[in-house]
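This report concerns only the one structure given below.
The values are calculated or read from the model by the stated rules, or taken from the named source; none is laboratory data. The structure presented is a predicted model; accordingly, all values stated were derived computationally and were not measured. All Cβ positions, glycine included, derive from the backbone under ideal geometry; neighbour counts span all protein chains shown.
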Amino acid sequence: MARGSSTLEILRFEYERTWTAPYLGLILALLIVSSPAVATPLNVEESALDLVFFSMGSVRPIIYNLITIVAFTNSFGMDIEQDVMMGEFTLPIKKGTFFVLKFLAIFLTIILMDLVSASFSFWLVSASAPLIPIVSIVLVDAITSLLFISIGISLSVMLRSRFGAAIVSLAIYFLEEIVQANLSLQTNSASMSPSLIILKLLLSNEVTIYTWPILLIHVGSASALLVFAYFFLVEVLQLD
Amino acid sequence: MIITEGLSKSFGKVKALVNIDMRAPKGIDGLIGPNGAGKTTLIHILTGLIKPDSGNVEVMGLEPWSKRQQLMKMLGVMLERPIFPQKVSGMRYMLHATRVKGLPESEAIEALREVDLLDSSERKIAGYSAGMMVRLGIARAMLGDPEMLILDEPTANLDPKGRIRLLRLFKKMHSEKGTNFLISSHILPELQKVCSWVCMMQEGKIVEQDYVDNLLDKYSSQIYTIKVSRPNELANALRNLGLQVKVKGNTIYIRGEALVIRRKVPKLIGQTDEEMISFHQLGRNLENVFIKALRRHNNRIG
């Protein structure tokens, strides 16, 4: 069998054993319910862009990040905690391939669900699914969550505790929320939310003094942490 | 087949392996030792799951840590307490393993049949008993007829019938396909039945390693027993051969050179019309060998 087929099998098996129908349904329901477009249908009067900004400031990002952190830490942490990963490594699988495919399987599923829920929310409000606002929401969600995902994976690999990894990642998420709320108050700015800053950069190319630090934290450091987790799993982690 | 030189591994302050020099030949090899002897740590190093602190390892000519993926194509492994994804069926898991190994799917069915698990293969693994989990682990290790199987406590949690069947399967695989084995166990009579070579471990050190027959010769007592219908006649004939003989009931106890006894006694019985009920060397078993080797090892290191 070609190498590509075994890669596809690892990906398929990861989906089958993790993303069961009830689990997917629950996540999708949570995302839709937490969307302001469903909760406040009167927003139909507003422009699509306003709706996107409104969506970013609602409870939706909290639910989205919570789901993302739990999905990643649970999947990586559980496999290490329960020695499932050890069993997988007695098959001719590269540790690195396993890490990348596992990451992709979870990340792509979450992105797809985010896309479905955002499209559904917009359709409920405006009976249409405008492409640019929907893709913007999904893209911004993915970029901002990368930091918490990378913290979650790194800690679950290093600590071998999904609970500990999830708690720390969530704590850092809320810490950032508090810091940005305080900054908003002190500087009298409308919002310092990383999601909004990235969204403004994407939609209107708006760059403020906070844009680059936010990108550095949410993209730069997140990528560095992911690379660290990858090397930790491949080179350092000894499953015993 | 397996060579280790000066292999050491510690977990914090615990020295799991200390300077292990092992040379396991081709065949069915056994790794013997009580719990905590370091067998599992050694197996994890041999399969590239953990890295030794120092020393060299070679399994079928490959260094396991850096060539793990390549090694796993030639090796079938079953770890102690095999853990599988719980939400999938046994068959689905086996199909996953065959596809990753690049094997035809019929291999999965065949392996499940060999371990008597085909009938329950559509059940989710979460519902499997401990014995079924072990059998699933063995089935996965057997996939693709690997050159060598490394099995950590393969008979643990199996009922007597399952154990006998499994040991027969190992022997059959070795004689028909030339599969080599490294089997870790602390159930010594089982290993004595199948292994041609064993390595004995205690507290992270090798106590003794050699072919089973050599070890049995080296550590067994020089006393043989023969049960016959009329012992006194035979006892006199044995005395005439210059052997020390004692009779208790219908059992004759003989002390002397092992080679002389083994060659001459059956021949002598053949010449008479005695009916031999049994003939064996006292203490000729791995349990006895392990106890004596351990005592000798402890005396040597003071």
Residue pairs within 8 Å by beta carbon, gap of at least six or interchain, first lying in segment B:244-266 and on the phi < 0 side of the Ramachandran plot, second loosely packed, with under 14 Cβ neighbours inside 10 Å and hydrophobic (A, V, I, L, M, F, W, C), listed first then second, are B:ASN250/B:ILE277
Residues of segment B:91-120 being more than 13 Å from chain A (Cβ to nearest Cβ) and not aliphatic (A, V, I, L, M), in sequence order, are B:SER106, B:GLU110, B:ARG113, B:GLU114, B:ASP116, B:ASP119, B:SER120
Out of (1) within 21 Å of the chain's Cα centre (by Cα); (2) loosely packed, with under 15 Cβ neighbours inside 10 Å, the one B:GLY6 does not meet is (1)
Here the residues within segment B:130-150 that are at pLDDT 85 or above and under 17 Å from A:VAL84 (Cα atoms) are B:MET132, B:MET133, B:VAL134, B:ARG135, B:LEU136, B:GLY137, B:ILE138, B:ALA139, B:ARG140, B:ALA141
By residue number, the members of segment B:1-36 that are closer than 26 Å to B:LYS193 by Cβ and among the acidic types (Asp, Glu) are B:ASP29
Inset, instruction - Might you check whether a residue that is under 26 Å from the mean Cα position of the chain (by Cα), modelled with pLDDT of 80 or more, surrounded by 12 or more Cβ atoms within 10 Å (Cβ to Cβ) and of a type outside the set (Asp, Glu) occurs anywhere in segment B:224-235? - result: yes
Being farther than 26 Å from B:ARG81 by Cβ and buried (at least 18 other Cβ atoms within 10 Å of the Cβ) is the requirement here; does A:GLN186 meet it? no
From the option list B:SER121, B:SER196, single residue qualifying as of a type in the set (S, T, N, Q), assigned by TED's automatic domain parsing to the domain that holds B:ASP21 and over 25 Å from B:MET22 (Cα atoms) is B:SER121
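So that you can scan it fast, the table gives a plain yes or no per residue for (1) assigned to a loop (DSSP other than H, G, I, E, B); (2) in the same structural domain as B:GLY38 (by TED's automatic domain parsing); (3) crowded, with 22+ Cβ neighbours inside 10 Å:
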{"position": "B:PHE84", "(1), (2), (3)": "yes, yes, yes"}
{"position": "B:MET91", "(1), (2), (3)": "no, yes, no"}
{"position": "B:HIS96", "(1), (2), (3)": "no, yes, yes"}
{"position": "B:ALA126", "(1), (2), (3)": "no, yes, no"}
Would you confirm whether or not segment B:237-248 contains a residue that is closer than 23 Å to B:GLY36 by Cα and either in the same structural domain as B:ARG23 (by TED's automatic domain parsing) or not hydrophobic (A, V, I, L, M, F, W, C) (or both)? no
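This table checks each residue for (1) within 14 Å of chain A (Cβ to nearest Cβ); (2) modelled with pLDDT of 90 or more; (3) surrounded by fewer than 17 Cβ atoms within 10 Å (Cβ to Cβ); (4) assigned to a strand (DSSP E or B).
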residue	(1), (2), (3), (4)
B:ASP29	no, yes, no, yes
B:PRO34	no, no, yes, no
B:HIS44	yes, yes, no, no
B:PRO52	yes, yes, no, no
B:GLU58	no, yes, yes, yes
B:SER66	yes, no, yes, no
B:LEU71	yes, yes, no, no
B:GLY76	yes, yes, no, yes
Only one of (1) under 24 Å from the mean Cα position of the chain (by Cα); (2) touching a residue at least 12 places away in the same chain (Cβ under 8 Å); (3) surrounded by fewer than 21 Cβ atoms within 10 Å (Cβ to Cβ) does not apply to B:ARG113, and that is (2)
Turns out the strands (runs of 3 or more DSSP E) fully within segment B:184-302 with at least 3 residues that are over 25 Å from B:ILE150 (Cβ atoms) are B:223-228, B:244-248, B:251-255, B:276-281
Expected output for segment B:150-172 (first residue assigned by TED's automatic domain parsing to the domain that holds B:MET132 and closer than 19 Å to B:LEU46 by Cβ, partner among the acidic types (Asp, Glu) and part of a loop (DSSP other than H, G, I, E, B), Cβ below 6 Å, 6+ apart or cross-chain) is B:ASP152/B:GLU80; B:GLU153/B:GLU80
For segment B:146-158, state whether one or more residues are loosely packed, with under 15 Cβ neighbours inside 10 Å, outside any strand (DSSP E or B) and not β-branched (Val, Ile, Thr). no
The residue from A:PRO61, A:PRO36 that alone is away from chain B (no Cβ under 14 Å), surrounded by fewer than 20 Cβ atoms within 10 Å (Cβ to Cβ) and modelled with pLDDT under 85 is A:PRO36
Note on A:SER204: of the conditions (1) farther than 30 Å from B:ILE45 by Cβ; (2) surrounded by 15 or more Cβ atoms within 10 Å (Cβ to Cβ); (3) not basic (Lys, Arg), unmet is (2)
In segment B:1-33, residues that are in contact with a Pro (Cβ under 9 Å, 6 or more places away or on another chain) and either among the polar types (S, T, N, Q) or without any contact (Cβ under 8 Å) to a residue 24 or more places away in the chain (or both) total 2
Apart from one, (1) surrounded by fewer than 16 Cβ atoms within 10 Å (Cβ to Cβ); (2) more than 27 Å from B:ASN157 (Cβ to Cβ) all hold for B:PRO189; the odd one out is (2)
(Q) Given the criteria in a helix (DSSP H, G or I) and touching a Lys or Arg at 6+ places or on another chain (Cβ under 9 Å), does A:SER117 qualify? (A) yes
Among helices (runs of 4 or more DSSP H) completely within segment A:156-240, the ones holding 2 or more residues that are more than 14 Å from chain B (Cβ to nearest Cβ), more than 23 Å from A:ILE93 (Cα to Cα) and among the polar types (S, T, N, Q) are A:162-187, A:194-204
